Amino acid sequence: MLKINPEVQKALLENKPVVALESTIISHGMPYPRNVETALAVEKVIRDNGAIPATIGIIDGDAIVGMTPEQIEEFGKRKGIIKASRRDLPVIYAKKLWAATTVASTMIIAKQAGIEVFVTGGIGGVHRGAQETMDISADLQELAKTNVTVICAGAKAILDLPLTLEYLETMGVPVLGFQTNELPAFYSPNSGLKVDYRVDSYLEAAQIIKEKRDNNLQGGILITNPIPKEYAMDDTIINAAINEAIERMKSEGIHGKETTPYLLKTVTELTGGDSLDSNIQLVLNNAKVGANIAKEYCQMRK
Ligand code: PSU
Ligand code: MN
């Protein structure tokens with residue numbers, strides 16, 4: 001059951017721009033209370049840029065599209081909220097549980113609600129050592145098949161970035177650089193890897209979405225937007241923290257869906273919170289870009 005917030009429903013019916021937001025970043029990606037402050041600030045940036053935010057999560061087995069500030073607060077502090085990707089959804093619905101949605105499951109629910117643009121911080125990807133562990137985020141499969149455009153700040157170096165790009169290529173997912181030729185590496189604007197194509201304006205991004213839809217090319221589009229330079233982290237510092245976090249993860253035997261939340265938390269601790277500050281700034285920056293792309297896309301569909 002989808003429960004679409006009336007404001008979001010009205011905007012969709014009137015072809016006004018709506019931007020989907022995920023809740024795993026709230027419940028499992030950042031500590032309380034900064035997770036809640038960030039989620040609310042992201043919604044505000046989207047509104048200030050002329051679109052309607054729709055934060056998605058699951059409450060008592062109902063998929064909520066457009067959470068209230070009170071619900072966002074609850075997702076930020078409540079213990080035991082499950083991290084739900086595609087495979088978890090039927091179980092969460094049947095058992096009437098609370099769950100935070102990942103990029104994959106947020107895409108699914110956004111699509112069902114009729115929302116085409118989704119803003120987040122970072123996507124999941126191919127993990128380092130995936131040749132052995134087979135740890136590849138279900139986000140990549142979802143990008144292959146679900147018609148939602150995801151705006152993110154690239155992928156984190158906790159992942160294997162070259163393999164993540166290879167996987168997306170195999171899956172037929174266009175990877176665009178927003179005003180950049182390089183795949184941004186989340187905390188830093190540079191990864192040394194090229195994106196397939198650069199787009200320089202919101203209009204250009206919207207035209208690509210429209211062509212993909214008009215030509216019935218199933219699947220998502222990934223728009224990667226670099227963190228503003230003033231908020232970027234020093235590559236040496238962040239890479240050292242990531243390497244240490246991966247070592248700790250291995251020695252503690254963390255695996256499966258715990259991996260990403262564990263690494264995010266450990267990197268935040270190891271950088272004394274600096275990585276969290278960067279993380280927040282890049283999401284806000286993505287919100288601005290996503291809202292404007294959604295606006296252009298709605299104009300074009302009129
Ligand atoms: N990257 C972040 N913050 C996050 C996540 C990724 O910087 O909160 C979350 C997203 O919800 C993403 C999920 O979809 O982690 C990927 O998890 P996994 O690797 O288990 O698929
Ligand atoms: Mn995984």
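Please treat every number below as a calculation from the coordinates, not as lab data. This one's a predicted model, so the numbers in the text were calculated from it and none came from an experiment. When we count neighbours, we look across all protein chains shown, and the Cβ atoms used for this are built from the backbone with ideal geometry, even at glycine.
Points to keep in mind about this one:
- For the chain, the mean residue ellipticity at 222 nm estimated from helices alone is -15000 deg cm²/dmol, where every DSSP H run of n ≥ 4 contributes -39500 (n - 2.57) and the total is divided by all residues, rounded to the nearest 500.
- For segment 174-184, Karplus couplings with θ = phi - 60° (6.51, -1.76, 1.60), whole Hz, Gly/Pro x: x, 10, 10, x, 7, 6, 8, 9, 10, 5, x
- Exposure proxy order (Cβ contacts within 10 Å, fewest to most) of Ser188, Ser201: Ser201, Ser188
- Counting 0.36 nm for each residue step from Lys77 to Thr236 and taking away their Cα separation leaves a gain of 54.0 nm.
- Computed label-point distance, nm, for sites Asn181 and Glu166 using a 7 Å Cα→Cβ extension: 2.4 nm
- Residues Tyr93, Tyr187, sorted so that the one with the fewest Cβ neighbours within 10 Å comes first: Tyr93, Tyr187
- Close amide-amide hydrogen proximity is noted between Thr55 and Leu21, Gly66, Met67, each under 5 Å apart and 5 or more residues distant or on a separate chain (H modeled in the peptide plane; Pro and chain starts excluded).
- For Asn216 and Lys44, the FRET efficiency from 1/(1 + (r/R0)^6), where r spans their Cβ atoms and R0 equals 30 Å, is about 0.25.
- The alpha carbon gyration tensor of segment 219-263 gives principal lengths a ≥ b ≥ c with a/c of 1.5 or higher and a/b no greater than b/c, which makes the shape oblate.
- In terms of other Cβ atoms within 10 Å, Asp235, Asp48 run from fewest to most in the order Asp48, Asp235.
- Percent antiparallel among DSSP beta bridges (both partners in segment 111-235, rounded to 5): 30 percent
- Inter-part distance, segment 41-74 to segment 256-278, computed on C-alpha centroids, equals 23 Å.
- Full extension of the segment from Ser251 to Gln112, taken as 0.36 nm per residue of separation minus the current Cα-Cα distance, would add 46.0 nm.
- The base-10 log of I(q)/I(0) for the chain, evaluated at q = 0.15 Å⁻¹, reads -1.17 [Debye formula, identical scatterers on Cα atoms, solvent excluded].
- Both radii are taken from the alpha-carbon atoms of segment 113-244; with Rh as the Kirkwood radius, Rg/Rh is 0.97.
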